[in-house]
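Quick notes on the structure that follows.
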Amino acid sequence: MNTIRLVHDDLRPPGPAPRRHLISIADLTRDDVQRLLGTARTFESALDREVKKLPTLKGRLVVNLFYESSTRTSSSFELAAKRLSADTLTLKAAGSSVDKGESLKDTALTLGAYDPDVIVIRHPQIGAPQLVARVTEAHIVNAGDGKNQHPTQALLDVYTIQQQLGRLEGLHVAIVGDVLHSRVARSLLQAFALVGVHCKLVGPPALLPRGMNAEMTTDIGAIRDADVVYVLRMQQERMQAGANYVPSLREYAARWGITPERLRPGQKVMHPGPMNRGVEIDPRVADSVDALVERQVRSGLVVRMAVLYDVLTGGPVGVRALAAAEVA
Amino acid sequence: MLYIKDRPGEDVVIRGAHVLDPTEGIDATLDVRIDAGTIAAIGEGLDTNEHRVVDGAGFVLTPAFIDPHVHLRTPGREDEETIASGTAAAAAGGYCAILAMPNTDPVVDSAATLGALVEIAGREAEISVGFLAAITRGQRGEELTEMAELADAGAVAFSDDGVPVVSAGLMRRALQYSSISGRKLALHCEERSLSRDGQVHEGSVAAELGFTGYPSVGESVMVERDLALAAYEGQPLHLLHLSAAESVTALRRARAAGVAATAEVTPHHLVLTDEAIRSLDANLKMNPPLRSAEDRAALIEALKDGSIECIATDHAPHALHEKDVPFEAAPFGVTGLETAFAVLNTHLVRPGVLTLATVIERMTAGPARVFGLDRPRVAVGARANLALLDLEHEWEVDAQSFRSRSRNSWLLGELLTGAVAMTIAGGAVAFER
């Protein structure tokens, strides 16, 4: 049997280069991140024009496959694809064959039959993007899989920090709250490590994952020396009744909520949204000039444009994209 | 207690194999003659008579293996495995006997259900098969099964494998009553309030990937509870598929204090750690989960010194479509009958971690001792239950080659060294490559 395989392999023509996906920050190098941030900056400058649409991905099909509710991620992916002139098709689990019990594999195969160039997938289970990558020919962009990864969120956050603070290397960020259930925190930790941002995790004991390779503390005072305080949402939908991660949201807010009193003047505050005002973030903080939440949303659009462009073209934004921008 | 389809004993001479039976103290190149299924002579230059002659030169001849922990999915999920396919798979793995777990649909919790299985096994089983019956009705953990009647109907032992017996009080009653049935309890130790919906071992890999963790202590606190109850009641018990170093520590302590506790470990827990799940291959999802390198080392050490007496595959077939889903949606369990010896040889014997003699002992005499079964042995007068092993043969694990009806092996595409060349079970050739 081994012999047959070897002959078969030898005779097979060289296959196409592996498809580019964005499934996990762990798959990226520092150079990849820098290239994506650079591409995002280019697109951001293009968005200052009166006509914001670029013909870059004209004729391409981007499918958004969302198995979890999402406002900002799904809308920003859809708009990112449209700004680049791609055709888009958005499928939400509710109201589709998924309601009739169709498996992820079969849904992916069905969509794959339309030859999409990119499938953007959000799914409540870890490993869903890998499965779709295995059964379709599309480039896969992970828009969140369970508690594992949310790579575009991490990239847009890094982009936002770089734009707002002017640098990345050597900055300190404190991530506060429900780290255990947070795919954002997992992607951010890896992204920060790549770009030289120091990071610590702050939260209640049961919401700091045991064995996480990171500096962790339950002391909210530890946010004082951070340049940026990154506030995670208390994911109530993932907190089963009686799980007792924290005794109550009231006690959580009192102990770990981000209030103006706990912040130094000028300390920046970020949140991936949607916010629970009065729980993890005081409304006065959420509405302050130091809160970068809307900046994050704006960054989300250009970073996702950069990601779609990058997985499809496989290179830095260069002459081609700029030329395309000129045409527009 | 063991059932096999009726076959005439065969006349075979195996010539010039290296015969290894650690318990009998045989470790030499010899001929073995089998007359009508019974070992008639062991020696040099034996007469072949009219017997079939098998050239064993370059091979090792050992007692055939016993797997005390197999899921045959019958009744209820015959699409995943049947007694015929499961025993054929076992024969290909060098086994002469396997024990089937009762977590079928319906659960084996009555003499009628057990009787039907015994009847099928008598028609279909390629090698000997024994059946465990449930400890509690429907494995619901509420009422004891009629253990004495089930023992009379052929149950080898009792287990709620797949789920723990949650109530300590009920576990105590089961231990008390097991003295009447004369059969051991084989326990799946898991404290569900700690394991919860844990998918993988709680450790750095789970933290990084975002999986809900099933901590080691979720197993070991239940091991400690059941050992304490067994000590109090003075009853033996068997611990299924141990995975955690803390459980091994508890087992050692109980054995040293005189508790008649035995335990088993799977090939995957002996060979892999939770690092493997980074691939997100659903065929690496099993309960208990793969744990840390320290846990793996503790299991190997316990197997080596005999604290863990047997190797069990926990062969758990699943339909293709059930495993072809994201890791988190997949059911727990992997197959193992057809790869167990080869994977142990490749990853433990060849690198010098365990001797071949230790592995053979833990796959033959160990499980026989634990469950009170006849020990397969290379001895004159014994029924021929033999495995002829080619320790050097290199092969790639291929989904198409399985005799099992399922293919959820964690070894697909892996290269292994060492293969079963022939299995003789119950006096007849049950498999040859």
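Placing one equal scatterer on every Cα of chain A and applying the Debye formula, the log10 ratio I(q)/I(0) at q = 0.11, 0.12 Å⁻¹ is -0.73, -0.86. In vacuo Debye scattering of the stretch B:65-194, one point per C-alpha: log10 I(q)/I(0) at q = 0.11 Å⁻¹? Debye output, listed in q order: -0.36.
Within straight-line reach of A:K147, meaning a Cα separation under 30 Å, sit the following lysines at least 8 residues removed in sequence or on another chain: A:K82, A:K92, A:K100, A:K105, A:K200, A:K268, B:K285, B:K323. Residues of the stretch A:267-292 with amide nitrogen under 14 Å from the 7 Å Cα-to-Cβ point of A:Q236? Inside the label zone: A:274-281.
Applying the Kirkwood pairwise sum to the alpha-carbon positions of the stretch B:208-265 produces a hydrodynamic radius of 11.9 angstrom.
Taking the empirical scaling 2.2 N^0.38 Å for compact globular proteins as reference, the stretch B:274-367 has a Cα radius of gyration ratio of 1.18.
Inter-chain Cβ neighbour count for B:204-216, averaged per residue, equals 6 (cutoff 10 Å, partner chain atoms only).
Could you list B:T273, B:T29, A:T160 in order of exposure, starting from the residue whose Cβ has the fewest other Cβ atoms within 10 Å?
Numbers: B:T273 18, B:T29 14, A:T160 22.
With the sparsest Cβ surroundings first, the list reads B:T29, B:T273, A:T160.
May I ask for the net charge around A:A286, where only other residues with Cβ less than 11 Å from the Cβ of A:A286 are counted and Lys, Arg are +1 while Asp, Glu are -1? My count for the surroundings of A:A286 gives -3. Kirkwood hydrodynamic radius of the stretch A:16-113, from the reciprocal of the average inverse Cα-Cα distance over all distinct pairs: 15.8 Å.
Take A:L22, B:L415, B:L386 and order them by how many other Cβ atoms sit within 10 Å, fewest up front.
By the 10 Å Cβ count, ascending: B:L415, A:L22, B:L386.
From its DSSP helices (H runs of at least four residues, each -39,500 (n - 2.57)), chain B gives a residue-normalised ellipticity at 222 nm of -8000 deg cm²/dmol.
Using C-alpha pairs under 8 Å with a sequence gap of at least 6, the mean separation divided by the residue count of chain A gives a relative contact order of 21 percent. Only Cα sites of the protein assembly as shown enter the Debye sum here, all with the same form factor; the resulting log10 I(q)/I(0) across q = 0.05, 0.09, 0.10 1/Å is -0.32, -0.90, -1.04, listed in q order. The fewest-to-most ranking of B:T417, B:T262, A:T217 by surrounding Cβ atoms within 10 Å reads A:T217, B:T417, B:T262.
Computed packing ranks the peptides A:203-215, A:126-138 as A:126-138, A:203-215, most packed first, by mean other Cβ atoms within 10 Å. Between A:D87 and A:S75, the contour length at 0.36 nm per residue exceeds the Cα-Cα span by 2.9 nm.
Cα extents for the stretch B:60-429 along the principal axes, largest to smallest and rounded to whole angstrom: 53, 51, 42.
Within the listed set A:G59, A:G101, A:G314, the residue fluctuating most in the Gaussian network model of chain A (springs between alpha-carbon atoms under 10 angstrom) is A:G101.
With both partners inside the protein assembly as shown, how many of the DSSP beta bridges are antiparallel, as a percent to the nearest 5?
Working: 34 of 98 bridges.
Percentage antiparallel, nearest 5: 35.
Please find the FRET efficiency linking B:D197 to A:R210, where r is the Cβ-Cβ separation and R0 is fixed at 25 Å, and quote it to the nearest 0.05.
Values: r = 16 Å, r/R0 = 0.64.
Here the calculated transfer efficiency is 0.95.
Computed across the stretch B:366-433, the Kirkwood hydrodynamic radius from all distinct Cα-Cα pairs reaches 14.2 Å. Angle check, please: helix B:245-256 long axis (alpha carbons) against the longest principal axis of chain B (alpha carbons), in degrees 0 to 90, nearest 10. Once rounded, the angle reads 70 degrees. Inter-chain Cβ neighbour count for B:325-333, averaged per residue, equals 6 (cutoff 10 Å, partner chain atoms only).
Read the figures in this text as sums done on the coordinates, not as results from a lab. Because the structure is a prediction, the values reported are computed rather than measured. Every residue, glycine among them, receives a Cβ derived from its backbone with ideal geometry; neighbour counts consider all protein chains shown.
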